[in-house]
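The values are calculated or read from the model by the stated rules, or taken from the named source; none is laboratory data. Computed from a predicted model, the values in this text were never measured in an experiment. Cβ atoms come from the backbone with ideal geometry, glycine included; neighbour counts cover every protein chain shown.
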Amino acid sequence: MKAFFAWQQRALLGAAANDASACADVSALWREVERRVDEVGPLPRYVFDDKAYKERCNNVADKLRRVSEGDVEHYMRILMGNEEWIEDGTTHAVIKLVRTMSRGVEHYRNHPVTRAIETRLRRLLIAKHCGRSCLVRALATMDEHGANALEQFGVCAFLHARVVQTIAAKMKCLPGADGGGVRGSVLTNARAVGRYPHSYRMFDLGDADERAPVPVPVEAVQPGLLYIPGDRCFPVVDAFYFVTAPAGGAAGSKRRRGAACESESERWSLVGVQVTRRHAHGTTTFAVNDFVGRLASFFGNWAQVERKLSWEIIYVQHAASQPMERRQRAQRL
């Protein structure tokens, strides 16, 4: 791809050797190529032709718009890596063929063409299936399919109060490295507001070279709203939400909905949700800083919220997973 681009721009590249303006033009053109590859895949016939690229983008949008109820299970299997490729001579704007190895055996699977398309598919399927029981059933299944479904869509189960009640009753607070005591979860506080998420919001923060999204005003932060990132590579957690509780267990403390951090009598908690099959799910200080930085870019005047926050992360594991025995660590980089 880069070689073809260099051949196309050979005249401009020659001028760029001694011309800063021409060098900047080449860099801008290459960034556009990379952006198109991220959108439609590394297909030169679409990436290097403006008309073909626009038609391809429209084709992708049309196919996603036409996803029917009957297609949902098919695309869910694709996102979970369980949909085998069928050779029928057709091409697809949103699906590609990939080769995988499992236990020394080669398999062929369907996969979204790009990460951008995968994100759009995931948003679409969560919107269609977020409240359905098929996602909640994954919490109880023992097979590999259920484990994959859990990792992809398990955070949606937190929109069911009964599921969160069960998790709160059975969760195990992991001790710290010093072996000291553990703090109880805010989910067990009967006076806490928002401990059972009532709705969700999917969000994307975009890349560094894209226009930053308009920050959510701090006054609009609501307890019980489950924030689900569209990008599965979001650092540290798969979703999060805010919970408020009376400070010091004070009775009779009330809060106006939609008025974040107004009262000193309230204690705010950020509850992160991490769904995993692994028995260890540590992170790095870089990922933690990235996570906090993304929160600061998403919420306006984040410092006003952060100074009142306590943090907890809930790890939801598949039934067949090896249980975690210690608190997960952030490796210093």
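If I filter segment 44-68 down to residues being of a type in the set (A, V, I, L, M) and touching a residue at least 12 places away in the same chain (Cβ under 8 Å), which single residue comes out as farthest from Met1 (Cα to Cα)? Explain how you work it out, then say what you get.
Just the residues of segment 44-68 that are of a type in the set (A, V, I, L, M), to begin with: 47, 52, 60-61, 64, 67.
Still in the list and also touching a residue at least 12 places away in the same chain (Cβ under 8 Å): 47, 60, 64, 67.
Details: Val47: 9, Val60: 21, Leu64: 27, Val67: 31 Å.
The residue in question is Val67.
One line per residue, one yes/no per condition, for (1) at pLDDT below 80; (2) outside any loop (DSSP other than H, G, I, E, B); (3) within 20 Å of Gln222 (Cβ to Cβ); (4) not assigned by TED's automatic domain parsing to the domain that holds Ile228:
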position	(1), (2), (3), (4)
Thr244	no, yes, yes, no
Lys254	yes, no, yes, no
Cys261	yes, no, yes, no
Val271	no, yes, yes, no
Val288	no, yes, no, no
Ala303	no, yes, yes, no
Ile314	no, yes, yes, no
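Consider segment 124-142. How many of its residues are modelled with pLDDT under 75 and either surrounded by fewer than 16 Cβ atoms within 10 Å (Cβ to Cβ) or more than 24 Å from Leu226 (Cβ to Cβ) (or both)?
Here is the first cut: in segment 124-142, the ones modelled with pLDDT under 75 are 128-142.
In the following step, the residues that additionally are either surrounded by fewer than 16 Cβ atoms within 10 Å (Cβ to Cβ) or more than 24 Å from Leu226 (Cβ to Cβ) (or both) were identified as 131-134, 137, 140-142.
Total meeting the criteria: 8.
Identify all residues within segment 26-73 that are of a type in the set (Lys, Arg) and at pLDDT 90 or above; write none if there are none. Write out each step before concluding.
First, the residues of segment 26-73 that are of a type in the set (Lys, Arg): 31, 35-36, 45, 51, 54, 56, 63, 65-66.
The answer is Arg31, Arg35, Arg36, Arg45, Lys51, Lys54, Arg56.
For Leu121, indicate whether it is modelled with pLDDT of 75 or more and in contact with a strand residue (DSSP E or B) (Cβ under 9 Å, 6 or more places away or on another chain). Explain how you work it out, then say what you get.
Values: modelled with pLDDT of 75 or more: yes; in contact with a strand residue (DSSP E or B) (Cβ under 9 Å, 6 or more places away or on another chain): yes.
So Leu121 passes the test.
Every residue in segment 41-81 that is assigned to a helix (DSSP H, G or I) and of a type in the set (Gly, Ala, Ser), please. Step through it out loud before you land on a result.
Going through segment 41-81, the residues assigned to a helix (DSSP H, G or I) turn out to be 44-47, 50-65, 69-79.
Ala52, Ala61, Gly70 - these are the residues of segment 41-81 that are assigned to a helix (DSSP H, G or I) and of a type in the set (Gly, Ala, Ser).
Looking at segment 303-314, I want the residues that are farther than 12 Å from Gly272 by Cβ and have a partner that is among the acidic types (Asp, Glu) with Cβ atoms under 9 Å, at least 6 apart or on another chain. Which pairs are those?
Lys308/Glu264; Lys308/Glu266
Of these, Ala6, Ala11, which one is at pLDDT below 80, in a helix (DSSP H, G or I) and not assigned by TED's automatic domain parsing to the domain that holds Ile117? It would help to see each step written out before you state the result.
Numbers: Ala6 fails: at pLDDT below 80.
After ruling out the rest, the residue left standing is Ala11.
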